[in-house]
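Bear in mind these aren't lab numbers, they're just calculated from the coordinates by the rules spelled out. Remember, predicted model here, so these are calculated numbers, not experimental data. Note that each Cβ is placed from the backbone with ideal geometry, even for glycine, and that neighbours are counted across all protein chains shown.
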Amino acid sequence: MIKPDLQFAQFKRVLDYYSADPSFRKKMHEDAVHTLSELGFDSLDADDCLKGIEAFLRGRGFSSWGNPYLDRYIEWEKEVLESTERNFGTDRFRNPEISRYLTVSMNRCRTESMLLRMHSNARLFPIAIELGVGCRCRCPFCAFEAGEWKENFEYTPENAALWRDILRVLLRDLGPVAKEGTAYFATEPFDNPDYEKFLSDYEEIFGGIPQTTTALADRNPERTRRFIEWVGKERLMSEERIRFSVRTLNQFKRIISEFSPEELEFIELIANNPESVNMYSDSGRAAKKPAERFALNSEQESGMKTCDGGNDTKMRKVTAKYSVCCISGLLVNMVNKTMMFIEPELPCEEFPKGYRILEERAFSDADDFSVNMNELYAKYAIASLPKDDPVCINRYVRVRFTDRFVELTGPGAGYRIKRNVYTEEGIRMFEKGAGFREIVRKTGLPDEWEQAFYESMNELYFRGFIRIMYP
Ligand code: SF4
């Protein structure tokens, strides 16, 4: 297991600085030795630092390119990936069909987006639970366009009993994988003062806790520090259970002055401030014009000007077509007692927040929760190509017929199957929308070929080139 290491903690801080702060980037390129010395990081090799940062930001997969600092980073990433793979193993699902469905859904997302294709450790969770309504942060880049904060789900005796019953239902019906969901979505975990109590129940019932990403790490540093200690270094090293989202450059500065490099060694800082090297998903508020967002406070405003093409060239509006929705399954709201079945979609006019709502239901208690949840999963978590329901070619996939093959190409993946009269006719029918049995009937496919034909079409479904048609 990876161990804490001062040099790694310092390199990670340099990387965090570089990602978030344009003036730091400039200083590093002008005089890296002096810049590191100002931070008190004299033992870091300036040249290796710069090379490590460059390779890191270029997207290096699991290769460190011989860089000693990245070696260590990759060691950590591999450890996290291994534990993620264990936590999402088929044996963690009560119903293996749901495990396969999540793979189908992820494959589709990767076929639709090269960015996601490159993120080998990205996962789709089967569930997210909101412990409130709305979000106080009101980030100008919020992909889910979270509404104004209205109410928290408080840890009253009655609510706690319902919560614990629901967690037991999730463990029984979905399996241990249910703890891999999050206890927030278009909400901020630390908006709820009882968040830690709700997570303690996860710990007791599941023997583990879900990941927390907070945009309020600096609001109450003592609370954040207590939370970090409660989660524990060992869990942070192997499972990366805490991440900080950085909304503004000022907030970044507050966070790093409050928390030492060692404290944040295994906590990812996601630089979402507009000056950062990262881009935004072209969805929700980030996709809107400033006047349409909402009245911004001064700190947010200083950032948003840059997001929309102000004159400052260090800051820019960079958005990309990808969804930040990491749920393919149930989105539960504990205040409203509602659940929705949702799937990620590339942001577009039809799905401006980057996800599709397939159905919404209310629940009254834990038993009712269980009935509705199981019905929704049975209805929408479709792991294999259905035989009767209509399916269609994924709208982001182009089809080309060559002499020998039918080629399907999406932004993130391509695939081809042998061309014959049945595959050609089948694909042409899928282009308009058709059911598998309908194709078999209309093409006059011989009975003895049906199984092989199904397997080849099912492979297209598994890889996300064809998908279910919803009204
Ligand atoms: S990005 Fe997160 S913290 Fe910011 S407004 Fe949206 S839900 Fe809230």
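Miscellaneous remarks
- Adding -39500 (n - 2.57) for every DSSP H run of four residues or longer, then dividing by how many residues the chain holds, sets the calculated 222 nm ellipticity at -13500 deg cm²/dmol.
- Relative contact order for the chain, counting Cα pairs under 8 Å that sit 6 or more residues apart, in percent: 18
- With one equal scatterer per alpha carbon and no solvent term, the Debye-computed log10 I(q)/I(0) for the stretch 181-224 at 0.19, 0.25, 0.29 1/Å reads -0.58, -0.94, -1.14.
- If you look at the Cα atoms of the stretch 103-216, you get an Rg and a Dmax of 15.5, 47 Å.
- Debye log10 I(q)/I(0) at q = 0.17, 0.22, 0.27 Å⁻¹ for the stretch 6-78, Cα point scatterers: -0.56, -0.95, -1.37
- Degrees between helix 68-87 axis and first principal axis of the chain (Cα, 0 to 90, nearest 10): 40
- For peptides 207-220, 355-368, sequence by mean Cβ density within 10 Å, most packed first: 207-220, 355-368
- Gyration tensor (alpha-carbon) shape descriptor, the stretch 308-465, a/c threshold 1.5: oblate
- In terms of other Cβ atoms within 10 Å, MET28, MET106, MET469 run from fewest to most in the order MET469, MET106, MET28.
- Degrees separating the helix 249-258 axis from the principal Cα axis of the chain, which is the longest one: 60
- The Cα-based radius of gyration and maximum Cα-Cα distance (Dmax) for the stretch 391-468 are 11.5, 35 Å.
- Long-range amide H partners of ILE270 with built H, under 5 Å: PHE244, SER245, VAL246
- The base-10 log of I(q)/I(0) for the chain, evaluated at q = 0.08, 0.09, 0.10 Å⁻¹, reads -0.53, -0.67, -0.82 [Debye formula, identical scatterers on Cα atoms, solvent excluded].
- Relative contact order (%) - the stretch 6-78, alpha-carbon pairs under 8 angstrom, separation at least six: 27
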